[in-house]
Every structure is written in structure tokens, then in C-alpha cells.
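Trainee: The structure under discussion is supplied below as C-alpha cells; questions concerning it will follow.
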Amino acid sequence: MRRGSLKWPVFVGCVLPVLWLIGRGITGDLGANPIEEITHETGIWTFRFLLGTLAITPLCALTAWSRLMSVRRMVGLFAFFYACLHFSTYLVLDWFFDFEAIIDDVVNRRYITAGFIGFAMLIPLALTSTHAMLRRLGSRRWQQLHRLVYVSAIAGAAHFLWQEKADLQRPGIYIGCLALLLGIRVWQRARSRWRTRVSG
Amino acid sequence: MLIQNPPDIASSEITDEHAYLNRRQFVRGVTGTALGVVAAGLVPGTVAEAGDVGQQEIQNVKPGPFRTDEPQNSFEDITSYNNYYEFGLDKRDPSRNAHTLTTSPWTIQVDGHVAKPADYHIEDLLKGIAFEERVYRLRCVEAWSMVVPWVGFPLSTLIKRFGPTSGAKYVEFTTVLRPSEMPGVRRPVLDWPYVEGLRMDEAMHPLTILAVGLYGKTLLNQNGAPVRLVVPWKYGFKSVKSIVRMRFTSEQPRTAWNKATPNEYGFYANVNPTVDHPRWSQRSERRIGRFFRQATLMFNGYDDQVASLYNGMDLRRFY
């Protein structure tokens, strides 16, 4: 890694939330229901990292700060890391491998179904995140596959919204951010199509 | 006579009572107000100052019936993990924010189909009341549970004093609404004030109590000070906190959560492992402080006492 690389500071920033959570666990600051707290924290950080990943491309375009692009994969992998923590919390701490109950949940509760889809969509992306896999797939197919991140983020948004009991403000803010990030892409696509049509 | 002891007062209660007495002695020692407590204890039903975060020791509390011998949740857990949306949506918000609520003076408006409607001062209502410790399971609709040693008395004691008339089929309870002291009501998360209700036979049931304390002391605001309902066979949201009004009605009250999401929260809200919440299973629950989930019991384990109230009712329809 060359001097002045963004990778180290961003890496440190990405592990801070989990270190903070562990610290709170050690000092007994997770409250009366630690499993619920861990579930909520790992979940919200997964969504934040997904938003962060999706923000990098438009930010590079808008600010011409292209060095940001060098950390996009890492931030995306951290989204997957937090999703894994979130899913393992559900699997181990919440249900302790009670697969009967888990399957019932995944099939019958739409917010769990959405969360499960969102998590599952991230797995192929993490597996094909290496340069070697990019070469093997070819850049076009790789890019097509990695559009799954949009499906995952939308499923994550539904998961977030549908688990809420009464107050939609908090998921609303996050989903607004996601809508903005997806909207920028739709707008850019529409604009570039229009330009090619005009020039062609 | 001895043979007629109900099964609720099991042999296990004897040890419980010892632990209970020891704990009270311990609390007295720690608070260092033993003399004051003993002096005040000579007057039945009075409340002596313990000088501990505004809480007061409640005197002459007798062990009540229906007590569970399951391990009780800690005072810390019971007072820091609360749903009281008027003080914020996070479980810890009420313990941080509820101290702003003024609970004295406190009056309860009693109206509707009742012989003695009036605005009652809480001191007058509690005069001559025999306080009992009721150790109850509390099952939240969110699939967690606790065991709480409430101090209170049967709601029926008060209702009989008010003299409900034949038109009284339900009781509607209202929580205090004071925007200047309740940061959570600035946004319309629920249709404030918080309203709950019971059918008359549910309200008169010996399990149904009004609680004024827990662990031998007056309630902290986050637990619904100065007086709250406790209906242990129903999901926790039925047990309305900080009551300022009791209205005796002929029609089923329109309750807060039912108005907000009618397909998720019914009027009855009896704990029932066979009727799932639309978004999660009610078959099991996490007892706060334990790792493994445990099976949820029908009527939260009080089916012997209350199942007969719902004979012939389709509990899937009347959830």
C-alpha cells in the first residue's frame, strides 16, 4: 500500500463499530436485552455500509475525487461482514440454531424474508470480489452480477421498514438516502441515453 | 381449613417469603433509615421516605396470592428496559427521560357508568388499602418477558368503591399526557393520550391489580408511577401506566395500539402462543437475563385462573 493510501484509515473506520460494540459488551453497556441490542446495532451498520458503498461511485463522479474508488470494494466487503454478524446473531444468539423456528420465520414473516434475501444477495458479490474472479467472469458479466447490490439494498430497506412497530421516521431517513443514491443512477443513465440519442 | 389452601400457595412460597423478608431487612439496612421505617411502619398503609432517587419504602406489604417462584428480574433490568413511548422509543429512553414527570399531586378522574364519579386524589384512593406483593410474569408482545415483584392491590377493590352501574361493561384507562414533561409525545407515534381498556369481568378478576410499587418501594416514573395497571395474562401493552382517568363504558374502548395497527394488536391481547403476531412468532419468548428462549404459556401461565373468562370465544378472532 502506497503512502497516503486511503485504505488504512478507511479500514480502521470500518472496524470501529464492531470494536465499539464489543467494548460495550465487555463493560456491560448493552442493556437488559443484549441480544436485541446486538441485533439492532449489527443490522443498522450493515445498512449504513451498504449506503456507504453505494455512495462512493456517485461521489467520485460529483467530486472528481477518484481515489475514493480504491476503497469501494473494501467498504462493500465490510457491509457483508456486518451482514454476517447480523445474520449470525439471529441464527446463534437469538434462535440458537432452532431451524424449525427460523424456517417458519423466513417463510412467513415478510420482514425476515426480505432480510434473508438481502443477505443472500450479498454472498455471490463477496465471493466474486477478488481481482481473479473479476478476470474469470469478464468485466461485463461481473458488472451485471454486481448489480445485485441494488436488490440487496432494496431488500434491506424493506427489512428495516417492515420490522418497525410504530415510528417510521428512522427507517424513513435511511430509505430516503438509499432512494437518493439509486435516483442519481437512474438519472445518470437516463441522461447518458438521451445524449447518445441526440449525438447519434 | 388447611386442606383448602389453593395450589398457588405452594411449599416453594415458604422459601420465597424468607428471601422476601431478608431482602427487606437488607434494604432497610442499606438505606440506613431503619428507625424511620419502623416508626412509620406502626401506621398501616403509610409510606415512609427512603430518600433513594425519590423512591419511598412502602409499609406493611403482605405477600399476595398467585406468586410465581421463578427468579425475579433485577431492579436494574426492570427499571432500565421499558416501553413507555411518551418518553422515547428506545427501551432505555424512559429511564433517561421519565424523571421529568411530576407525580404529585395526582388525581384520577373517574367517570362514565358509575355511582360516584369524581376527581379523586390518589392519597384518598389509597387510604386504607392493604398492599400486597404480587410476583407476576410479564410477557411483552415483542416476545420478551420478565418476573416482577409488584406492590399493589386488586383493581376490584377500587371499582367496588366507585359503584359501577349496570351500563358499565368495560373500563377505559388513560395515561397522563403532559407534553412539557414527555419528550416522546411531540411526534404522533401513537394517538396520544395512551388509552387501554378491559372488559368488566377482566377488570374485576383477582389477578388484575393496580400497582404502586415494585421491590417494596414506590414505582419509578419509567414503570408507570404513581399508579399503573398490571394484567399478567395479557401482553404488557395492556397494563397502562401513570393512570389519570378510569371511565366506565358500555362500549368496547378504542385502545391506542389497536387504533395504530388493528391487524397486529387486538383489544383482548391475551398472551397466546398459538396466535402469532403478523410479524413474529409468539410461541416462545426471551426471559430477560437468560440466553435460551423459552416456550410461551397460554395466558402467560395463568390459564387456570382466567381461561373461563373466554369460554366459547374464538381467540384467533378476538386476539
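Trainee: Which of the following residues is modelled with pLDDT of 95 or more and away from chain A (no Cβ under 14 Å): B:Tyr81, B:Tyr85, B:Tyr120?
Mentor: B:Tyr120
Trainee: Now a separate question. Could we say that B:Thr100 is more than 24 Å from B:Gly197 (Cα to Cα), more than 9 Å from chain A (Cβ to nearest Cβ) and buried (at least 18 other Cβ atoms within 10 Å of the Cβ) here? Steps first, please.
Mentor: Values: more than 24 Å from B:Gly197 (Cα to Cα): yes; more than 9 Å from chain A (Cβ to nearest Cβ): yes; buried (at least 18 other Cβ atoms within 10 Å of the Cβ): no.
It is false that B:Thr100 is more than 24 Å from B:Gly197 (Cα to Cα), more than 9 Å from chain A (Cβ to nearest Cβ) and buried (at least 18 other Cβ atoms within 10 Å of the Cβ).
Trainee: Could you check, for the range A:179-189, whether at least one of its residues is among the basic types (Lys, Arg) and more than 22 Å from the chain's Cα centre (by Cα)? It would help to see each step written out before you state the result.
Mentor: Filtering the range A:179-189 for residues among the basic types (Lys, Arg) gives A:185, A:189.
Retained after the next criterion (residues that are more than 22 Å from the chain's Cα centre (by Cα)): A:189.
Checked the range A:179-189: at least one residue is among the basic types (Lys, Arg) and more than 22 Å from the chain's Cα centre (by Cα).
Trainee: Can we say A:Ala32 is closer than 27 Å to B:Arg92 by Cα and buried (at least 17 other Cβ atoms within 10 Å of the Cβ)?
Mentor: yes
Trainee: Also, I was wondering about something else. Does B:Gly301 satisfy the criteria of being closer than 24 Å to B:Asn82 by Cβ, within 19 Å of the chain's Cα centre (by Cα) and touching a residue at least 12 places away in the same chain (Cβ under 8 Å)?
Mentor: When the stated conditions are applied, B:Gly301 passes them.
Trainee: A:Glu164 is checked against (1) outside any helix (DSSP H, G or I); (2) under 16 Å from the mean Cα position of the chain (by Cα); (3) surrounded by fewer than 16 Cβ atoms within 10 Å (Cβ to Cβ) and fails just one. What number does that condition carry?
Mentor: The single condition A:Glu164 does not satisfy is (2).
Trainee: Give me the strands (runs of 3 or more DSSP E) completely within the range B:118-229, filtered to those with at least 1 residues that are crowded, with 21+ Cβ neighbours inside 10 Å, ordered by residue number. Steps first, answer last, please.
Mentor: On the way: elements: B:118-121, B:132-139, B:144-154, B:170-175, B:195-199, B:209-214.
Once the strands (runs of 3 or more DSSP E) in the range B:118-229 are filtered for at least 1 residues that are crowded, with 21+ Cβ neighbours inside 10 Å, what remains is B:132-139, B:144-154, B:170-175, B:195-199, B:209-214.
Trainee: Right, something else. Select from the range A:59-74 the residues that are touching a residue at least 24 places away in the same chain (Cβ under 8 Å) and hydrophobic (A, V, I, L, M, F, W, C) and write down the one among them that is surrounded by the most Cβ atoms within 10 Å (Cβ to Cβ).
Mentor: The selected residue is A:Val71.
Trainee: Further question on the same structure: Quick one: how many residues across the range A:130-161 are open to solvent by less than 70 Å² (accessible area, probe 1.4 Å) and within 19 Å of A:Trp45 (Cβ to Cβ)?
Mentor: Residues in the range A:130-161 being open to solvent by less than 70 Å² (accessible area, probe 1.4 Å) and within 19 Å of A:Trp45 (Cβ to Cβ): 10 in total.
Trainee: Being of a type in the set (A, V, I, L, M) and more than 26 Å from B:Asn82 (Cβ to Cβ) narrows it down to one residue among B:Ala269, B:Ala307; which is it?
Mentor: Selected residue: B:Ala307, the only one of B:Ala269, B:Ala307 that is of a type in the set (A, V, I, L, M) and more than 26 Å from B:Asn82 (Cβ to Cβ).
Trainee: Of the numbered conditions (1) at positive phi; (2) surrounded by 12 or more Cβ atoms within 10 Å (Cβ to Cβ); (3) more than 19 Å from the chain's Cα centre (by Cα), B:Glu264 satisfies every one except a single condition; which is it?
Mentor: Tallying (1) at positive phi; (2) surrounded by 12 or more Cβ atoms within 10 Å (Cβ to Cβ); (3) more than 19 Å from the chain's Cα centre (by Cα), B:Glu264 fails exactly one: (1).
Trainee: Also, I was wondering about something else. Consider the range A:167-200. How many of its residues are outside any helix (DSSP H, G or I) and surrounded by 14 or more Cβ atoms within 10 Å (Cβ to Cβ)?
Mentor: 1
Here's the yes/no breakdown for (1) crowded, with 18+ Cβ neighbours inside 10 Å; (2) of a type outside the set (Ser, Thr, Tyr):
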position	(1), (2)
A:Leu51	yes, yes
A:Thr57	no, no
A:Gly76	yes, yes
A:Tyr82	yes, no
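Trainee: Let me ask something additional. Do we find that A:Thr57 is under 25 Å from B:Phe292 (Cα atoms) and assigned to a helix (DSSP H, G or I) in this structure?
Mentor: no
Trainee: Need pairs with beta-carbon distance below 8 Å; first residue closer than 21 Å to B:Leu220 by Cα and in contact (Cβ under 8 Å) with a residue 24 or more places away in the chain and within the range B:235-256, second in a helix (DSSP H, G or I) and open to solvent by 20 Å² or more (accessible area, probe 1.4 Å); sequence gap 6+ or separate chains.
Mentor: Qualifying pairs under 8 Å: B:Ser242/B:Asn221.
Trainee: Let me ask something else about it. Among B:Thr208, B:Thr249, B:Thr175, B:Thr165, which is more than 14 Å from chain A (Cβ to nearest Cβ), of a type outside the set (Gly, Ala, Ser) and under 22 Å from B:Pro105 (Cβ atoms)?
Mentor: Values: B:Thr208 fails: under 22 Å from B:Pro105 (Cβ atoms); B:Thr249 fails: under 22 Å from B:Pro105 (Cβ atoms); B:Thr165 fails: under 22 Å from B:Pro105 (Cβ atoms).
Unique residue meeting the criteria: B:Thr175.
Trainee: Need the failing condition index for B:Phe318 against (1) of a type in the set (Phe, Trp, Tyr); (2) in contact with a strand residue (DSSP E or B) (Cβ under 7 Å, 6 or more places away or on another chain); (3) under 29 Å from B:Gly112 (Cα atoms), just the number.
Mentor: Checking B:Phe318 against (1) of a type in the set (Phe, Trp, Tyr); (2) in contact with a strand residue (DSSP E or B) (Cβ under 7 Å, 6 or more places away or on another chain); (3) under 29 Å from B:Gly112 (Cα atoms), the one that fails is (2).
Trainee: For residues that are part of a loop (DSSP other than H, G, I, E, B) and over 27 Å from B:Gln305 (Cβ atoms), scanning just the range B:42-73, find the one that is modelled with the lowest pLDDT.
Mentor: The residue in question is B:Leu42.
Trainee: Which of the residues spanning the range A:107-121 are open to solvent by 30 Å² or more (accessible area, probe 1.4 Å) and under 20 Å from A:Ala153 (Cβ atoms)?
Mentor: A:Arg110, A:Tyr111, A:Thr113, A:Phe116, A:Ile117, A:Phe119, A:Ala120, A:Met121
The values are calculated or read from the model by the stated rules, or taken from the named source; none is laboratory data. Predicted model, so just to flag it, every value in this text is computed and none were measured. Virtual Cβ from ideal backbone geometry, glycine too; neighbours counted across all protein chains shown. Calculation scope for accessible area: heavy atoms of the full protein, side chains included, ligands and nucleic acids excluded. Shrake-Rupley method; radii C 1.70, N 1.55, O 1.52, S 1.80 Å.
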